[in-house]
Amino acid sequence: MTDYTDIVESLQKGAEKHPELAETAGLSCRLLEIEAQADIPVPTRVPGSDEARALLQQGKPLLNLDEIEIDSGKLTELAMQIAFAIAEQRRERVRELADIHAWLHRRRDRMRSLAIAYLRGNGIPDSNSGIDGGLLVFVVHTALRPFLRAYADALGRFVDAGAWYRGYCPICGGEPDMAALEKSGGRRRLLCSRCDAEWAYRRLGCPFCGNDDPKDLAFFPSDDKVYRLAVCERCHRYVKTVDLRETPTERPLAAERVLTAGMDVAAQNTGYQARA
């Protein structure tokens with residue numbers, strides 16, 4: 001897994017080459033610094049090698065959400081720091097972020113259960129109280145990342161990245177939000193949107209709905225051939241991809257998800273969706 005320092009360095013270099021990304025990259029670097037300073041302990045309740053092997057053979061992610069080690073107070077404090085950092089750079093969102101800060105404070109004792117519900121795909125319970133739901137999801141999602149990255153670090157040794165070949169993360173079950181075509185052979189590798197784990201996936205196919213009919217799949221390359229947007233006409237989802245065969249060096253996918261924000265805008269303006 002790519003270290004936070006390497007992700008930040010890649011973002012800073014990307015912003016130097018593309019000044020229009022400076023604001024977005026700057027905020028992302030600040031949030032990554034907050035994540036890196038969170039000092040999340042190594043998880044203790046993890047499966048052994050035999051149990052891990054059995055779970056993966058059954059197509060089950062290794063992280064048991066019922067046993068996830070998240071301290072409600074620490075998660076709340078981290079989410080509050082993230083909300084404050086966003087408010088510092090997005091002054092036009094100060095009021096919405098102040099509401100989110102208050103919402104977090106009132107629920108600090110049950111943030112773990114709310115987070116588990118979110119990770120199960122049930123949204124964030126008790127969030128319909130006049131606050132910006134999309135912004136709240138971003139704050140909670142970002143605050144959860146260092147907890148989930150800790151699991152990816154602890155459990156990654158059990159995963160044969162070339163044998164999973166499923167559209168969801170073998171560590172936490174999250175969906176991908178970025179992909180790469182590897183330098184050697186062009187194998188496709190997916191990045192988990194939640195824990196930053198990476199795993200191999202078949203070159204042709206939609207990781208969201210499993211569609212592998214070429215008639216319903218397409219990709220749109222950038223002018224320099226470095227990037228491509230892979231889309232599925234069946235579920236109307238998309239995956240951003242960096243072709244590492246077209247780059248002189250490796251690029252951290254966790255940085256590329258930020259540096260390709262313009263692709264998200266273009267895809268969503270054309271009717272494709274980041275989430276179901």
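Read the figures in this text as sums done on the coordinates, not as results from a lab. Bear in mind the structure is a predicted one, so any value in this text is a computation, not a measurement. As a convention, Cβ positions derive from the backbone with ideal geometry for all residues, glycine included, and neighbour counts pool all protein chains shown.
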| note | GNM of the chain, Cα pairs under 10 angstrom: of Arg228, Arg194, Arg106, the biggest fluctuation goes to Arg106
| request: With springs only between Cα atoms under 10 Å apart, run a GNM on the chain and tell me which of Thr24, Thr142, Thr247 wobbles the most. | output: Thr247
| Please state the relative contact order of the chain as a whole percent: Cα pairs under 8 Å, 6+ residues apart? | 18 percent
| note | The long-range amide H neighbours of Asp177, using H built 1.01 Å from N in the peptide plane and a cut-off of under 5 Å, are Leu191, Ser193
| field | For the range 262-269, Karplus couplings with θ = phi - 60° (6.51, -1.76, 1.60), whole Hz, Gly/Pro x | value | x, 5, 4, 4, 4, 5, 6, 5
| Structure shown: which of Lys13/Lys74; Lys183/Lys240; Lys183/Lys215; Lys17/Lys240; Lys13/Lys183 lie over 23 Å apart, alpha-carbon to alpha-carbon? | Lys13/Lys74; Lys183/Lys215
| task | Kindly state, to the nearest 0.05, the FRET efficiency for Glu233 paired with Glu182, given R0 = 41 Å and r defined as their beta-carbon distance. | result | 0.95
| request: Report the paramagnetic label zone for Arg275: residues of the range 79-123 whose backbone N is under 14 Å from a point 7 Å from Cα along the Cα-to-Cβ axis. | output: 115-123
| field | Per-pair calculated FRET efficiency, R0 = 22 Å: Asp126 and Ala102 via Cβ, rounded to 0.05 | value | 0.95
| field | Fraction of alpha-carbon pairs over 16 Å apart in the range 160-269 - percent | value | 56 percent
| query | Going out from 0 in 5 Å bins, what whole percent of all Cα-Cα distances in the chain drops into each bin? | reply | 1, 5, 12, 16, 18, 18, 15, 10, 4, 1, 0
| said: Calculate the FRET efficiency for Lys17 and Arg95 from the Cβ-Cβ distance with a Förster distance of 30 Å, rounded to the nearest 0.05. | reply: 0.30
| Per-residue HN-Hα couplings for the range 57-72, Karplus 6.51 cos²θ - 1.76 cosθ + 1.60 at θ = phi - 60°, whole Hz, x for Gly and Pro? | 5, 7, x, 9, x, 7, 7, 8, 5, 5, 10, 4, 8, 10, 7, 4
| For the chain, what is the calculated [θ] at 222 nm in deg cm²/dmol (nearest 500), taking -39500 (n - 2.57) for each run of four or more DSSP H residues and dividing by its residue count? | -13500 deg cm²/dmol
| note | Dividing the surface of the Cα convex hull of the range 38-157 by four yields a projected area in nm² of 7.9 nm²
| note | Most fluctuating of Ala102, Ala25, Ala230 in the GNM of the chain (C-alpha, under 10 Å) is Ala102
